[in-house]
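Asks: Handing you this structure, nothing more for now.
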Amino acid sequence: MNKLEKKDGVYYTQNVENLPIEERVFFREGKGISATSENYRQATVTELAAWEEYKKQQEKEFEA
């Protein structure tokens, strides 16, 4: 079984270019057959900022 280790301040995301932020997943650690650097990589600061902004927009929409 493969494992992406939990590291302080690190999030992982799919290793797919041009995947929209609303379709992307972010997680701190992963275990299983597909949890490899072939399928996932460390998320960039830009991706994490876009993800935070997306989550804020979603919260506003659900509050309305």
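Asks: Go through the stretch 40-64 residue by residue and tally those that are open to solvent by 100 Å² or more (accessible area, probe 1.4 Å), of a type in the set (A, V, I, L, M, F, W, C) and modelled with pLDDT of 90 or more. Break it down into steps so the answer makes sense when it comes.
Replies: The first filter runs over the stretch 40-64 and keeps only residues open to solvent by 100 Å² or more (accessible area, probe 1.4 Å), leaving 45-46, 56, 59-64.
Adding the requirement that they be of a type in the set (A, V, I, L, M, F, W, C) leaves 45, 62, 64.
If we keep only those that are modelled with pLDDT of 90 or more as well, we get 45.
The qualifying residues number 1.
Asks: Then there is this: Tell me which residues, restricted to the stretch 40-64, are in a loop (DSSP other than H, G, I, E, B) and either in contact with a Cys (Cβ under 6 Å, 6 or more places away or on another chain) or among the hydrophobic types (A, V, I, L, M, F, W, C) (or both).
Replies: Within the stretch 40-64, Ala43, Ala64 qualify.
Asks: When the stretch 1-39 is examined, which residues are found to be open to solvent by 50 Å² or more (accessible area, probe 1.4 Å) and not in a loop (DSSP other than H, G, I, E, B)?
Replies: Across the stretch 1-39, the qualifying residues are Asn2, Lys3, Glu22, Glu23, Lys31.
Asks: Further question: Out of the residues in the stretch 14-39 meeting the condition of being of a type in the set (D, E, K, R) and closer than 15 Å to Asn2 by Cβ, tell me which one is modelled with the highest pLDDT.
Replies: This residue is Glu29.
Asks: Name every residue in the stretch 1-28 that is among the hydrophobic types (A, V, I, L, M, F, W, C) and under 14 Å from Ala43 (Cβ atoms), in order of residue number. Walk me through how you get there before you give the answer.
Replies: Going through the stretch 1-28, the residues among the hydrophobic types (A, V, I, L, M, F, W, C) turn out to be 1, 4, 10, 16, 19, 21, 25-27.
Of everything in the stretch 1-28, those that are among the hydrophobic types (A, V, I, L, M, F, W, C) and under 14 Å from Ala43 (Cβ atoms) turn out to be Leu4, Val10, Val16, Leu19, Ile21, Val25, Phe26, Phe27.
Asks: Also, I was wondering about something else. Does any residue in the stretch 1-20 that is without any contact (Cβ under 8 Å) to a residue 24 or more places away in the chain come within less than 9 Å, Cβ to Cβ, of a residue that is assigned to a strand (DSSP E or B) and among the hydroxyl-bearing types (Ser, Thr, Tyr) six or more places away or on a different chain, and which pairs are these?
Replies: Leu19/Thr13
The values are calculated or read from the model by the stated rules, or taken from the named source; none is laboratory data. Bear in mind the structure is a predicted one, so any value in this text is a computation, not a measurement. Heads up, the Cβs are rebuilt from the backbone with ideal geometry, glycines too, and the neighbour counts pull from every protein chain shown. Side chains are part of the model used for accessible areas, which takes the heavy atoms of the whole protein and leaves out ligands, DNA and RNA. Shrake-Rupley method; radii C 1.70, N 1.55, O 1.52, S 1.80 Å.
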